[in-house]
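The values are calculated or read from the model by the stated rules, or taken from the named source; none is laboratory data. Note that the coordinates shown come from a computational prediction; the quantities given were computed from them, not determined experimentally. Virtual Cβ from ideal backbone geometry, glycine too; neighbours counted across all protein chains shown.
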Amino acid sequence: MNIEHIALNVDDPEAMAAWYGEHLGFRILRKVGGEAQIHFIIDDAERVVLEIYCHPDSPRTDFHDLHPQQLHVAFAVDDLEAEKQRFLDAGATLAVDVHAMPTGDLMVFLRDPWGLILQLAKRLKPLR
């Protein structure tokens, strides 16, 4: 069984889809008009789909209140410092600065403009 998508109920799905496209290489796979502004976006490797929408009658998670260990979306990178700065320049904010794990992997946690945590990981041995 494969995961089809991960869904996020956010305040401004149109802007979030655009930001993820511009700064993370996601593209819109499917867009459904109407009040919910549903956007299915897919990463540039075409492996991960996020559904972002705004269902006003449903509660939205305040990502700003979550600790990075509670929820984050992780991305493998080669140049951690350069990518960290690129995201900061794009409107992300620093949540936890660069730190080494016991494995020797380097990590940094940033918040996108909606508060969702993005982890950038430079691993000594890639997961895949």
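Here's the yes/no breakdown for (1) of a type in the set (D, E, K, R); (2) within 12 Å of Leu116 (Cβ to Cβ); (3) in contact (Cβ under 8 Å) with a residue 24 or more places away in the chain; (4) in contact with a Gly (Cβ under 9 Å, 6 or more places away or on another chain):
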| site | (1), (2), (3), (4) |
| --- | --- |
| Ala18 | no, no, no, no |
| Glu22 | yes, no, yes, no |
| Arg27 | yes, no, no, yes |
| Gly33 | no, no, no, no |
| Ala36 | no, no, no, no |
| His39 | no, no, yes, no |
| Arg47 | yes, no, no, no |
| Asp57 | yes, no, no, no |
| Phe63 | no, yes, yes, yes |
Fill in the blank from the handout: Those residues of segment 74-92 that are in a strand (DSSP E or B) and in contact with a helix residue (DSSP H, G or I) (Cβ under 9 Å, 6 or more places away or on another chain) come to a total of 1
Practice task
State all residues of segment 2-18 that are modelled with pLDDT of 95 or more and more than 17 Å from Arg60 (Cβ to Cβ); if no residue qualifies, say none.
Solution key: Glu4, His5, Ala18
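Give Pro126, Pro59, Pro113 a once-over and let me know the one that is at pLDDT 95 or above and out of contact with any Lys or Arg (no Cβ under 7 Å at 6 or more places or on another chain). Break it down into steps so the answer makes sense when it comes.
On the way: Pro126 fails: at pLDDT 95 or above; Pro59 fails: at pLDDT 95 or above.
When all the criteria are applied, what remains is Pro113.
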Completion exercise
Quick count over segment 107-128, residues being hydrophobic (A, V, I, L, M, F, W, C), surrounded by 12 or more Cβ atoms within 10 Å (Cβ to Cβ) and assigned to a loop (DSSP other than H, G, I, E, B), is 2
Fill in the blank from the handout: By residue number, the members of segment 6-27 that are of a type outside the set (A, V, I, L, M) and surrounded by 15 or more Cβ atoms within 10 Å (Cβ to Cβ) are Asn9, Pro13, Trp19, Tyr20, Gly21, His23, Phe26
Practice task
Within segment 48-60, work out how many residues are more than 16 Å from Ala17 (Cβ to Cβ) and within 14 Å of the chain's Cα centre (by Cα).
Solution key: 0
Problem - Residue ID - nearest to Trp19 (Cα to Cα), chosen from residues in segment 61-106 that are loosely packed, with under 13 Cβ neighbours inside 10 Å and acidic (Asp, Glu) - result: Asp89
